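Read the structure below first, then the notes.
The values are calculated or read from the model by the stated rules, or taken from the named source; none is laboratory data. The structure displayed is predicted, hence computed values, not measured ones. Glycine also receives a Cβ, built like all others from the backbone with ideal geometry; neighbour counts cover every protein chain displayed. For accessibility, only protein heavy atoms count, side chains too; no ligands or nucleic acids. Shrake-Rupley method; radii C 1.70, N 1.55, O 1.52, S 1.80 Å.
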Amino acid sequence: LKEMGVEHIVARAMTETQGTILRAVGADEIAFAERESALGWGHRLSMPRLEHYMDLGEDHSLIYMAAPAAFCGKTLQELGLRKKYGVNLVALRRTDITESKLGRKTRTLRIIVPQPDTKIREDDVLVLIGSNESLSALPVD
């Protein structure tokens, strides 16, 4: 493929040995889909409220997690996430529901950059970043 002018080659491997061989024959990146899927499922099973997981490398991740009951109704300042858990709340994904005069409900998805006085709502999805160890210590209720 390199001889044909392909600049960047991504290949899929199931084992490290396959990955080594693919790199030796010119692959620039190796995707280990089964391993990545297994890691993702491992995180989802250990954190039932987890909606999305992104590995940032060096044992750090960014996650989307449904707000635990223990967080609902509390402000960011009251929760003290950085001090108590060693994680940072990057954003909130919040759904607002409005009702028209005719009774028709409309859902609006918003992304909020939280402030210290922002209260966590029951239907909020938290976007958190931190070490895997710190993130796994968050409440799962």
Whole-number percent relative contact order across the chain, with pairs defined as alpha carbons under 8 Å at least 6 apart:
24 percent
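Can you pull the percent of Cα pairs in the chain with separation above 18 Å? Each step should come with its number before you reach the end.
Working: 6452 of 9870 pairs.
Percentage above 18 Å: 65.
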With angles folded into 0 to 90 degrees, how steeply does helix 33-46 sit against the dominant principal axis of the chain? Use alpha carbons for both and round to 10.
30 degrees
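With a 10 Å radius around each residue's Cβ, average the other Cβ atoms per peptide and rank 1-10, 99-108, 112-121, 65-74, highest first.
Working: 1-10: 9.2, 99-108: 7.5, 112-121: 13.6, 65-74: 16.2.
Descending mean neighbour count gives 65-74, 112-121, 1-10, 99-108.
Could you calculate the contour length gain from THR15 to ARG107, that is, 0.36 nm times the residue separation minus the distance between their Cα atoms, to one decimal place in nm? Walk me through the intermediate numbers first.
Details: separation 92, 0.36 × 92 = 33.12 nm, distance 4.49 nm.
Here the answer is 28.6 nm.
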Check the straight Cα-Cα distances from LYS2 and name the aspartates and glutamates below 15 Å, setting aside those fewer than 8 residues away within the same chain.
ASP28, GLU29
Straight-line reach check, LYS84, cutoff 18 Å on alpha carbons, 8 or more apart in-chain or any other chain, hits among lysines -> LYS74, LYS119
As I understand it, the dipole of the chain uses +1 on the Cβ of Lys and Arg and -1 on the Cβ of Asp and Glu, about the Cα centre. Which of ALA24, THR106, GLY130 lies farthest toward its positive end?
THR106
Excluding ligands, DNA and RNA, what is the solvent-accessible area per residue of segment 67-141 at a probe of 1.4 Å, expressed in Å²?
65 Å²
